[in-house]
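Here the structure comes first, spelled out in structure tokens, and everything after it is commentary.
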Amino acid sequence: MARNAEKAMTALARFRQAQLEDGKVKERRPFLASECSELHKAEKWRRQIISEISKKVAQIQNAGLGEFRIRDLNDEINKLLREKGHWEVRIKELGGPDYGRIGPKMLDHEGKEVPGNRGYKYFGAAKDLPGVRELFEKEPPAPPRKTRVELMKDIDADYYGYRDEDDGVLLPLEQELEKKVIVEAVKKWKEDKEARLANEGFKEEEEEEVNIYAVKDDESDEDDEEQMEGDEDQQKFIAHVPVPSQKEVEEALVRRKKMELLQKYASEALMAQSEDAKRLLGL
């Protein structure tokens, strides 16, 4: 039995369709919505576009069409959606209703809003195409962060290592390791010492530690004799004139300072009176 599509393509069917359309001129939808100046025609073309979108959305639900056919159908649907938006804008300009505001949202067969990215939407089997499925996968929610109070609940003496030695296991291990390290260090020191003695030619002699703070008796006696000789070599001076004491030097400095101040601030008349007074007083 032939399908409906095959029946429509028979010669009889095409002849009958030509008879029905005889005398009629089939009007084509304008390429640009701005070319239409009648509101009822604009409504007609919008309904026609919606009908084409519905047919293609029904076709794209079939996942057996193949990847390339599904992508082509999805592109055609998005193209018709953009064209429908142009006709809705033109209808609003001609005084018709604003379908962009009152029109229903684009829903899929499950009643969910059609997902998309930046205006491009995916329908039916196109949502399962390679590279598209990852766009709609939601990232798992991040684990909740612990508060400071929750973090402080787990902090005790063990956190700071105060009771690490109480288990009776750590101390013996540390002692064993300490002995091993000491033996290795002593062995290395002996090897270095033997190598050093071999290089110096004193392989059988042991180096004696020298006390750098010890002082020999001969050296101390020699230092005392040198000090005594230095004291004897110093020349002794005898003063043949009276040497002023410290107090007399201070009084002389004070008198000199007074004279400088008088010469700086006192007048000649005041200086003369002062000299007369001193002479009368016998100073």
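Points to keep in mind about this one:
- Entry remark, region 60-79: residues being in a helix (DSSP H, G or I) and without any contact (Cβ under 8 Å) to a residue 24 or more places away in the chain number 7 in total.
- Residue ID - most open to solvent (accessible area, probe 1.4 Å), chosen from residues in region 246-283 that are of a type in the set (Ser, Thr, Tyr) and in a helix (DSSP H, G or I): TYR265
Okay, residues lined up against (1) open to solvent by less than 100 Å² (accessible area, probe 1.4 Å); (2) touching a residue at least 24 places away in the same chain (Cβ under 8 Å); (3) out of contact with any Pro (no Cβ under 6 Å at 6 or more places or on another chain):
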{"position": "ALA125", "(1), (2), (3)": "yes, yes, yes"}
{"position": "PRO143", "(1), (2), (3)": "no, no, yes"}
{"position": "LYS146", "(1), (2), (3)": "no, no, yes"}
{"position": "ILE155", "(1), (2), (3)": "yes, no, yes"}
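- Selection from region 132-141 of residues that are assigned to a loop (DSSP other than H, G, I, E, B) and surrounded by 11 or more Cβ atoms within 10 Å (Cβ to Cβ): VAL132
- Within the option set LEU173, LEU129, being of a type in the set (A, V, I, L, M, F, W, C) and either surrounded by 10 or more Cβ atoms within 10 Å (Cβ to Cβ) or in contact with a helix residue (DSSP H, G or I) (Cβ under 8 Å, 6 or more places away or on another chain) (or both) holds for one residue only, LEU129.
- Filter result (in a helix (DSSP H, G or I) and either charged (D, E, K, R) or without any contact (Cβ under 8 Å) to a residue 24 or more places away in the chain (or both)) within region 80-99: ARG82, GLU83, LYS84, GLY85, GLU88, ARG90, LYS92, GLU93
- Among the candidates GLU6, GLU88, GLU110, GLU76, the residue that is open to solvent by 60 Å² or more (accessible area, probe 1.4 Å) and either among the aliphatic types (A, V, I, L, M) or modelled with pLDDT of 85 or more (or both) is uniquely GLU76.
- Any hit, region 43-53, residues being open to solvent by 70 Å² or more (accessible area, probe 1.4 Å), within 17 Å of PHE123 (Cα to Cα) and of a type in the set (A, V, I, L, M, F, W, C): no
The values are calculated or read from the model by the stated rules, or taken from the named source; none is laboratory data. In this text the structure is predicted, and so the values were computed from the model without any measurement. So basically every Cβ, Gly included, is an ideal-geometry build from the backbone, and we count neighbours across all protein chains shown. Quick note on the areas: whole protein, heavy atoms, side chains included, nothing else; ligands and nucleic acids left out. Shrake-Rupley method; radii C 1.70, N 1.55, O 1.52, S 1.80 Å.
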